[in-house]
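**Student:** Take this structure, written in structure tokens, and hold onto it; I'll ask about it next.
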Amino acid sequence: MLSGLVRDLFERWRAPGSQHAGGSSDSARYEILLDEVEPLERWTLCTVCLNVDRTLAVVRRRWRCSDCGVDTSNDTQQPLKAYLIATPAETIEKNLREWNNNVKGARVAYKMLRAARYKCLLVLQKRVQDQG
Ligand SMILES: [Zn+2]
């Protein structure tokens with residue numbers, strides 16, 4: 001199901017001693033979605049850093065992005081499925097290109113992490129669009 005590139009990135013996230021900004025559970029959360037273990041409806045997306053989280057924390061208004069630290073008052077948290085329906089693949093691909101081209105000073109591991117999140121979103125986006 002996963003493209004080779006995404007799988008390769010996951011492997012690197014899991015590698016012992018590898019550093020990335022998203023915490024140890026980051027790749028696991030995206031894997032749950034890519035493997036369709038849980039429905040997308042239960043998840044939300046941080047549109048600042050593309051971190052995914054379960055909706056419950058947002059409903060309780062106690063959500064704070066574990067990665068970039070924004071909270072619900074910034075209105076940056078969107079239901080994941082609605083985001084994927086509303087956002088064309090071209091937009092996500094454009095954002096990915098801009099991230100790769102413009103990011104300066106970020107650690108390589110974080111750059112890769114964000115790039116992988118974009119790629120995961122593209123996989124999920126295609127799936128949602130195919131389901132109509
Ligand atoms: Zn965030």
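Each value in this text was obtained by applying a stated rule to the coordinates, not by laboratory testing. The structure presented is a predicted model; accordingly, all values stated were derived computationally and were not measured. Quick reminder, even Gly has a Cβ in these numbers, built from the backbone with ideal geometry, and neighbours come from all protein chains shown.
**Student:** Report whether or not residue 86 is without any contact (Cβ under 8 Å) to a residue 40 or more places away in the chain and out of contact with any strand residue (DSSP E or B) (no Cβ under 8 Å at 6 or more places or on another chain).
**Tutor:** Judged against the criteria, residue 86 is a match.
**Student:** Looking at 81, 104, 119, 94 in this structure, which one is of a type outside the set (A, V, I, L, M, F, W, C), touching a helix residue (DSSP H, G or I) at 6+ places or on another chain (Cβ under 8 Å) and over 18 Å from residue 28 (Cβ atoms)?
**Tutor:** Being of a type outside the set (A, V, I, L, M, F, W, C), touching a helix residue (DSSP H, G or I) at 6+ places or on another chain (Cβ under 8 Å) and over 18 Å from residue 28 (Cβ atoms) holds for just one of 81, 104, 119, 94, which is 81.
**Student:** Also, quick follow-up: Kindly provide the set of residues from the range 103-131 that are closer than 9 Å to residue 84 by Cα and among the basic types (Lys, Arg), ordered by number.
**Tutor:** 126
**Student:** Any residue at all in the range 96-106 that's within 16 Å of the ligand (Cβ to nearest atom) and closer than 17 Å to residue 43 by Cα?
**Tutor:** no
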